[in-house]
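Every number here is computed from the coordinates shown, using simple stated rules; none is lab data. Treat the numbers as computed from the prediction; the structure is a model and nothing was measured. Using ideal geometry, Cβ is built from the backbone for each residue, glycine included, and neighbour counts are taken over all protein chains shown.
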Amino acid sequence: MREIIFDTETTGLSPRDGDRIIEIGALELINHFPTGKTFHVFINPGDRKVDPGAFDVHGISDEFLKDKPSFEDIVDEFFAFFEPGYLIAHNAGFDMGFINAELKRLGKPPIPGDRVIDSLQIARRKHPAGPNSLDALCSRYNINNSHRTKHGALLDSELLAEVYIELIGGRQSALSLAADNGASANTLVLATGKRASQKQRPQPLKSRLTDKERADHEAFINTFGEKALWKRV
């Protein structure tokens, strides 16, 4: 199963008011394990300026974005990474609202909602008392986010990937997936989704214990007496 953990940074809070995406970061999971494949791009929002409140959050300035590509310039690269698979974001409605607004500007169909998973909704079901911000969840699951001084799309995606795996059951979920797919006890499910059988060695490895070490250990065990538990092992 392929999943894309992603995040966006924007000029402001509302695509309906003309705000635009200025950064997209994403990473790939296969069967809930990161593959190392990432997508990261800064985007020139055209005439739209970064709102001061948004700048305080992510620190991305109008000057920095001047020489960056437009969304139209990167849309093919975007689709190449984001399809196929489920798209996972924290408060996904916000991010998808901006992405679908950009696609609409280019006359492209929106990404359907059945491909989108909102990790915030999962967190609220699992921890109804909250808080369920990304920072709060990192703290809850002992995920180090001390390097997160500003919001950043790729950094937040990397943190969210760790949070998401914990939300759905931690690393044990991968073992459950293997069982659901009919994998035997001698089969590993790799990050690529392929299976690899665990093969027995044709000959066992030679013991690293010397004869003297064996003799010394046996002499030590004999000091415990004839009824010692170690005599039965």
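Only a single item in (1) among the acidic types (D, E); (2) touching a residue at least 60 places away in the same chain (Cβ under 8 Å); (3) over 27 Å from E166 (Cβ atoms) is not met by D51, and it is number (2). Each residue in the range 20-50 was checked for being surrounded by fewer than 21 Cβ atoms within 10 Å (Cβ to Cβ), of a type outside the set (G, A, S) and within 17 Å of K104 (Cβ to Cβ), and 1 pass.
Counting the residues of the range 76-104 that are surrounded by fewer than 15 Cβ atoms within 10 Å (Cβ to Cβ) and in contact (Cβ under 8 Å) with a residue 12 or more places away in the chain gives 4.
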